[in-house]
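A quick write-up on the structure given underneath.
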Amino acid sequence: MLPTIEKFLDSRGGSYTGGMLAVNYPKLNSRTFCTAAIIEIRRAGPRWRVGMVTWCEEYARRGHSLVTGSGSIFNEVMVLAGAAGGDYRVVSAVGDSWAQDADPGWIDRHFSRGAAREINSRGWPALPNPAVQARRAFGFPPGTPVVNI
């Protein structure tokens, strides 16, 4: 499920709608990359309800540097359905931004009791850094430093 989820997140920037690079440096053609830590997977009839914490960050190439502008962490819930060939497709997605802090009420409404407790205590698994994807996409070698603009 994770490759389908990350592809979906990258295609729309997850719940991330910001974009300091996109607004202030449009010629850099920034892109948003997202990673996810799945917290729970539950059956929802013939579909799957997947609850996760995501990290979305925008990146761009600026000469010989990989730069980042803005990003955020989100709580997200997606419903996935099976697709041809054993793959999955995202049917719906909702998210809660952590612009200030996570909304415990939103979390309680969208996650099971155990998962909500894990998220509200910030006890979830470490999120993979989206810079790994950005380096690959912009042609930088692994470990290239990321510069904040």
Residues satisfying the stated conditions in segment 56-109, i.e. over 17 Å from ALA137 (Cα atoms), of a type in the set (Phe, Trp, Tyr) and touching a residue at least 40 places away in the same chain (Cβ under 8 Å)
PHE74, TYR88
State the number of residues belonging to segment 15-65 that are within 14 Å of GLU76 (Cα to Cα), of a type in the set (A, V, I, L, M, F, W, C) and in contact with a helix residue (DSSP H, G or I) (Cβ under 8 Å, 6 or more places away or on another chain).
8
Select from segment 1-32 the residues that are among the aromatic types (Phe, Trp, Tyr) and at pLDDT below 90 and write down the one among them that is surrounded by the fewest Cβ atoms within 10 Å (Cβ to Cβ).
PHE8
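Going by the conditions given, is ALA81 over 18 Å from the mean Cα position of the chain (by Cα) and farther than 30 Å from LEU28 by Cα?
Against the criterion (over 18 Å from the mean Cα position of the chain (by Cα) and farther than 30 Å from LEU28 by Cα), ALA81 qualifies.
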Checked segment 119-149 for anything part of a loop (DSSP other than H, G, I, E, B) and polar (S, T, N, Q); matches are SER121, ASN129, THR144
In segment 89-103, which residue that is of a type outside the set (Lys, Arg) and at pLDDT 85 or above is surrounded by the fewest Cβ atoms within 10 Å (Cβ to Cβ)?
SER92
Residues to consider are THR54, THR68, THR144; find the one that is polar (S, T, N, Q), modelled with pLDDT of 90 or more and crowded, with 17+ Cβ neighbours inside 10 Å.
THR68
On the given criteria, is GLY95 farther than 16 Å from CYS56 by Cβ and of a type outside the set (Asp, Glu)?
no
Condition met for ALA116 (crowded, with 20+ Cβ neighbours inside 10 Å, in contact with a Pro (Cβ under 9 Å, 6 or more places away or on another chain) and over 20 Å from GLU6 (Cα atoms))
yes
Filtering segment 71-88 down to residues that are of a type in the set (A, V, I, L, M, F, W, C) and modelled with pLDDT under 85 yields ILE73, PHE74, ALA83, ALA84
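The values are calculated or read from the model by the stated rules, or taken from the named source; none is laboratory data. All values reported here derive from a predicted model rather than from experimental measurement. Every residue, glycine among them, receives a Cβ derived from its backbone with ideal geometry; neighbour counts consider all protein chains shown.
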